[in-house]
Amino acid sequence: MRQILSVLLLIIMLFIDGNAPKAGERQPIKAIYVPLADHYAGIIAYEKYRAEMKKAEYFIKRIGSWPELRAYFISGEVDMAFIISPMAMDMFAENPDFKWVGLMHRDGNALAINALLNKDVNLLKNRIDRKPDEKVANAFTKAKKNNGKPTQCGVPSLLATHTVVLYKYLKDHGKTLGLGYGLGKDVVAREIAPPKSPSFIRRQNSRGMPASFEQSLPWADVVETQGFGYVAWYSKDVIIWPNGHVECIAIATDNAIKNKKDALKEVIYYIHKAGADIENARIRGGSKIIEISDMIRKHIPEHNKDAIIQSLRSDLNVINYKNLNIDKEGLRQIMNYAVDGGILNKPIDIDAFADERFATEITQE
């Protein structure tokens with residue numbers, strides 16, 4: 001019996017040793033993202049720093065939509081995902097086999113409207129002066145009265161921070177939001193993958209229908225720089241929070257945290273460093289911001305240079321890549337609005353969801 005136990009113990013030890021990283025060996029960290037300004041720091045970390053990483057072999061994979069990203073992450077084929085926070089909380093409520101390990105950015109989404117809506121809004125020329133006042137909300141209600149049905153507003157997912165922002169904006173002005181349907185509502189949120197949102201505005205324009213979308217940057221900037229829509233307001237002016245509201249977060253599987261902790265920590269460090277690089281480039285402008293834009297467009301060519309630069313304007317400051325460590329109260333704010341709006345069925349235990357061991361000092365410099 002002792003001999004059998006000894007053999008089994010030896011086999012277990014060999015298995016553990018065989019799966020443990022050897023000295024100097026890099027462990028693969030595979031991350032998935034959707035093509036948004038939200039995830040620029042993950043792309044810049046890949047372009048600038050993957051060769052410097054000593055413990056991680058960092059890979060990124062672009063995914064076309066949020067439902068696809070969710071399914072891909074659940075499959076267990078990747079270690080990390082850059083994801084909208086309400087969807088991550090919904091996933092955690094369903095199966096808590098991953099953790100929240102940091103932020104990808106703060107603020108960073110906007111409402112875009114087409115020309116038919118803007119006739120009643122008459123947006124100010126300078127984007128910095130456009131605020132979430134009652135004008136767009138009233139234009140939504142007028143459009144519903146004229147057309148006999150609610151206006152459609154494209155969102156990347158019903159489980160998106162963007163939907164939370166839209167809900168709060170409408171509630172602030174006494175309007176209502178339907179999630180996918182609702183003839184009695186002022187606006188109905190309709191799921192549209194971010195890359196398809198500009199074509200949605202174009203298509204509604206051609207049909208003579210008022211339309212809008214609430215999406216991450218730079219998609220709202222794309223429609224204005226290309227002349228077929230307008231940025232109405234930015235999310236930072238709807239949900240106010242110190243350092244910017246929580247939006248996309250980074251999550252990692254329990255398996256990656258357990259077996260690749262040092263490699264994962266290194267990747268998160270360089271994502272935070274890349275965020276600082278973006279912040280530095282937007283302040284310095286010129287060749288620095290063009291360099292950032294060029295790296296982004298290797299992975300997201302449909303983000304035109306002008307839209308990227310507009311999104312990263314330091315005077316607007318409508319998205320930022322600072323203070324990317326866990327922000328429990330910031331996430332709680334988003335969660336509470338999401339539950340109030342019926343976007344999430346119930347709250348989660350944020351303390352159980354968050355893993356603060358991956359915090360860095362570089363993101364606060």
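What follows draws every value from the coordinates through simple rules; no lab data is involved. Predicted model only: the values in this text are computed from it and were never measured. Ideal geometry is used to build each Cβ from the backbone, glycine not excepted, and the neighbour counts take in all protein chains shown.
The distance between label points at LYS258 and GLU361 comes to 3.2 nm (points 7 Å beyond Cα on the Cα→Cβ vector). Derived value for region 196-353: Kirkwood hydrodynamic radius 18.1 Å. Basis is the mean of 1/r over every pair of different alpha-carbon atoms. Couplings 3J(HN,Hα) for region 300-315, derived from phi with the Karplus relation 6.51 cos²θ - 1.76 cosθ + 1.60 (θ = phi - 60°), are 10, x, 6, 7, 5, 4, 4, 5, 4, 5, 4, 5, 9, 4, 6, 6 Hz, where x marks Gly and Pro.
So how many Å³ per residue does the convex hull of the Cα atoms of the chain work out to? Don't skip to the answer; put the middle values down first.
Working: hull volume 51.0 nm³, N = 365.
It is 140 Å³ per residue.
Charge tally around TRP100: other residues with Cβ under 11 Å, Lys/Arg +1 each, Asp/Glu -1 each, net -2. Membrane-span-like helices in the chain (whole DSSP H runs, Cα extent of at least 24 Å along the helix axis, mean Kyte-Doolittle hydropathy of at least 1.6): 2-19.
Using the scaling law 2.2 N^0.38 Å as the reference, what is the normalised Cα Rg of region 177-279? Provide the component values of the computation, followed by the final result.
Values: Rg = 18.7 Å, N = 103, 2.2 N^0.38 = 12.8 Å.
Normalised Cα radius of gyration, region 177-279: 1.46.
Just the Cα atoms of region 26-163, one point each, no solvent: what log10 I(q)/I(0) does Debye give at q = 0.13, 0.14, 0.22 Å⁻¹? So the normalised log intensities are -0.73, -0.80, -1.33. Looking at the chain, what % of its DSSP beta bridges pair antiparallel, to the nearest 5? Of the beta bridges lying entirely in the chain, close to 50 percent run antiparallel. Toward the positive end of the charge dipole of the chain, with +1 on the Cβ of Lys and Arg and -1 on the Cβ of Asp and Glu, the farthest Cα among ALA37, ALA110, VAL339 is that of ALA110.
A dipole drawn for the chain from +1 and -1 charges on Cβ atoms has a positive end, and of GLY275, GLY182, ILE128 the residue lying farthest that way is GLY182.
Once C-alpha pairs closer than 8 Å and six or more residues apart are averaged by separation and normalised to the residue number of the chain, the relative contact order reads 26 percent. Taking each residue as 0.36 nm, the span from ASN95 to ASP351 lengthens on full extension beyond its C-alpha to C-alpha distance by 90.6 nm.
Multiplying the residue separation of LYS298 and ILE128 by 0.36 nm and subtracting their alpha-carbon distance yields 58.3 nm. Inter-label distance, ARG203 to ALA51: 4.3 nm, where each label sits 7 Å from its Cα along the C-beta direction.
Pairs LYS119/LYS346; LYS125/LYS175; LYS288/LYS322; LYS61/LYS260; LYS236/LYS288: which are spaced more than 28 Å apart, C-alpha to C-alpha? The answer is LYS119/LYS346. Would you mind classifying region 109-237 by shape? Square roots of the alpha carbon gyration tensor eigenvalues, ordered a ≥ b ≥ c; an a/c under 1.5 is rounded, otherwise it is prolate if a/b is larger than b/c and oblate if not. Note, shape of region 109-237 comes out rounded. Largest mean-square fluctuation among ASP38, ASP327, ASP129, in a Gaussian network model of the chain whose springs join Cα atoms under 10 Å apart, belongs to ASP129.
Lys and Arg at +1, Asp and Glu at -1: add these up for the other residues within a Cβ distance under 9 Å of VAL155 and post the number. With Lys, Arg at +1 and Asp, Glu at -1, the net is -1.
What does the charge count near LEU316 come to, summing +1 for each Lys or Arg and -1 for each Asp or Glu among other residues with Cβ under 13 Å from its Cβ? Present the calculation step by step, with values, prior to reporting the outcome.
Values: positive: ARG127, ARG130, LYS131, LYS236, ARG282, ARG313; negative: ASP107, ASP129, ASP221, GLU224, ASP237, ASP315.
Net charge in that neighbourhood comes out at 0.
Estimated at 0.36 nm per residue, the fully extended path between LYS119 and ASN325 surpasses their Cα-Cα distance by 70.0 nm.
Of LYS265, LYS305, LYS119, the residue with the greatest mean-square motion in the GNM of the chain, using alpha carbon springs below 10 Å, is LYS119.
Expressed per residue, the C-alpha convex hull volume of region 82-154 stands at 134 Å³. Considering only PRO28, PRO242, PRO218, the Gaussian network model of the chain with Cα springs below 10 Å gives its largest mean-square fluctuation to PRO242. In region 109-237, what % of DSSP beta bridges are antiparallel (nearest 5)? Of all bridge pairs located within region 109-237, approximately 45 percent are antiparallel.
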